[in-house]
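Notes follow once the structure below has been shown.
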Amino acid sequence: MITLTLAQGMPVNEALSTYSDLAFRSAFGIYALALLASMIYYAGFRVPKASEKELVGAGGPGLTRPGFDDPVLTESTSLTDTGDEDRASAGSMRWARIAQLFVMVAFVLQAAALLLRGLATDRFPWGNMYEFILATTLLGVGTGLVFLRKPALQVAWPFVLVPVLALLFFGGTHLYSEAAPVVPALRSYWLPIHVSIISLGSGIFLIAGVASVMYLLRVWQPQGAEHGWGARLVRPLPNADTLDRLAYRTTVIAFPIFGVGVLLGAVWAESAWGRFWGWDPKETASFVSWVLYAGYLHARATSGWGAKKAAWINLAGFSVLIFNLFFINIVVSGLHSYAGLT
């Protein structure tokens, strides 16, 4: 077993670090294969004629109903109420199963990459931006495996895997850091607590953001437009009600988790810097995203608000969240600048 000892005097297991990097590259490659298989499933999605007739009243694919462009929000019910997520493709389900298998294999490899990196450094493996991206995308994919099991919802995987692969590519090329001990400021029991909760909430928000994107694509199709590239793009998507409920339900779960993560970060800040809140750039952006998500939930639960307007608020919150979690450490200098960049 080969180990390296850094200046801080803490050993790093070079062999485990190498295996971690290998698992990361393998996971990235298999995610790419999963994206390809999911795109084939998406492109080949064919709705059985019987299913189309059954979904006329629920806003089925390629169909319209009065006020469909911007339906008024109503009290949320179960995702399974419309039955739309049980709709299966007429001829390409094998590609959905292949994509699902690839996603699960890549998920296990990505988890192994994170675990091996932690074992290599004898610490929790989220001490820099590379590790944080690895953890957050892992939890986002895990959330997808939970919420996107239904046949019709599996068409969402291209929308999930594209940002996941983009973040992993950026993290693995521009933000990669050699396995090493964390800086003294991060050697606290608050690190795994705060970062784990924030990562979990952010991973669930990924699925909520994807659902809102798909919802806006669905309602963007002009009424009566059943031909052309726009119709072909949105035809495989579940109906608008199902996507709206998916975005809402996942945001309801993620919002308190993220809020607790922010509050615990403030507690850690008080013990580390002597103040709970100092409007550091990362703290400010976290507060802005939290307010936007609170606005979305309020809009989604308020009678008379259009679902389309609420979806745009959800996307605004997700955009601020992405900028805050993944890029503010790179472009802005602050107390949270622990990206591990050189």
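Laboratory data are not the source of any read-out in this text; all were calculated from the coordinates shown. Note that the coordinates shown come from a computational prediction; the quantities given were computed from them, not determined experimentally. Every residue, glycine among them, receives a Cβ derived from its backbone with ideal geometry; neighbour counts consider all protein chains shown.
Applying 1/(1 + (r/R0)^6) with R0 = 22 Å to the Cβ-Cβ distance of residue 122 and residue 166 gives a FRET efficiency near 0.10. Sorting 21, 241 by the number of Cβ atoms found within 10 Å of their own Cβ, with the fewest placed first, yields 21, 241. In this simple spin-label approximation, residue 18 and residue 284 carry label points 7 Å from Cα along the Cα→Cβ vector, and these lie 4.6 nm apart. Distance between the modelled labels on residue 104 and residue 196, one decimal in nanometres: 2.5 nm (7 Å Cα→Cβ projection). Karplus-based coupling profile of the stretch 196-206, in residue order and whole Hz: 4, 5, 4, 5, 5, x, 5, x, 5, 4, 4, with θ = phi - 60° in 6.51 cos²θ - 1.76 cosθ + 1.60 and x standing for Gly or Pro.
Applying 0.36 nm per residue to the separation of residue 220 and residue 312 and subtracting their alpha-carbon distance, the gain on full extension is 31.9 nm.
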